1. What base-10 log of the normalised intensity I(q)/I(0) is obtained for region 2-111 from the Debye formula, alpha carbons as equal point scatterers, at q = 0.09 Å⁻¹?
2. Taking the highest mean first, how do the peptides 21-32, 87-98, 62-73 order by number of other beta carbon atoms within 10 angstrom per residue?
3. Which of VAL6, VAL12, VAL20, VAL78 comes first, and how do the rest follow, when ranked by fewest Cβ neighbours within 10 Å?
4. PRE reach from ALA64 (point 7 Å along Cα→Cβ): which of region 1-38 fall under 12 Å by backbone N?
5. Starting from the amide H of GLY26, placed 1.01 Å from N in the peptide plane, find each other amide H under 5 Å away whose residue is 5 or more places distant or on another chain.
6. Mind checking the angle between helix 14-24 and the chain's longest principal axis? C-alpha axes, 0 to 90 degrees, to the nearest 10.
Amino acid sequence: MLVRAVSKYIRVSPYKLRPVIDVIRGYSVDKALAWLQTTSLRKVVPIKKTLLSAYANGKNVLAADVPMNQFFIKEIKVDQGPIIKYFKPGAQGRANVQRKRLSHIYIVLEKKEITNKTKN
């Protein structure tokens, strides 16, 4: 079963978020959260919130208390949102354009059953 979560208008550039999501793509939710919590960067906070939101959506859809290690990140992507443009003073009285880039984060989780394989 697939569940998803979306965070829009995040005030972090998508160029800064993409290397972080490339690391956790394909991980289980508990492993991805453990990796994000040990990374002390400001840019992992919106990713962590969106991942927890997707997990909560999965629990609500299933109406059961499913452990985090049964949900895996099937798809995670960061798209560019709108760009806020403003002017700051430049050299010799000119005005330089500054661009504040915004991001949209999309996470799709898939529930998989974990079976214990034992040899007989």
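Rule-based calculations on the coordinates, nothing more; no lab input. The model shown is predicted, which means the values in this text are computed figures rather than measured ones. Note that we place each Cβ from the backbone using ideal geometry, even for glycine, and neighbour counts take in every protein chain shown.
1. Normalising to I(0) and taking log10 leaves -0.29.
2. 21-32, 62-73, 87-98
3. Values: VAL6 12, VAL12 21, VAL20 18, VAL78 24.
Ranking VAL6, VAL12, VAL20, VAL78 by Cβ neighbours within 10 Å, fewest first, gives VAL6, VAL20, VAL12, VAL78.
4. Output list for this probe position: 1.
5. The answer is ILE73.
6. Tilt of helix 14-24: around 20 degrees.
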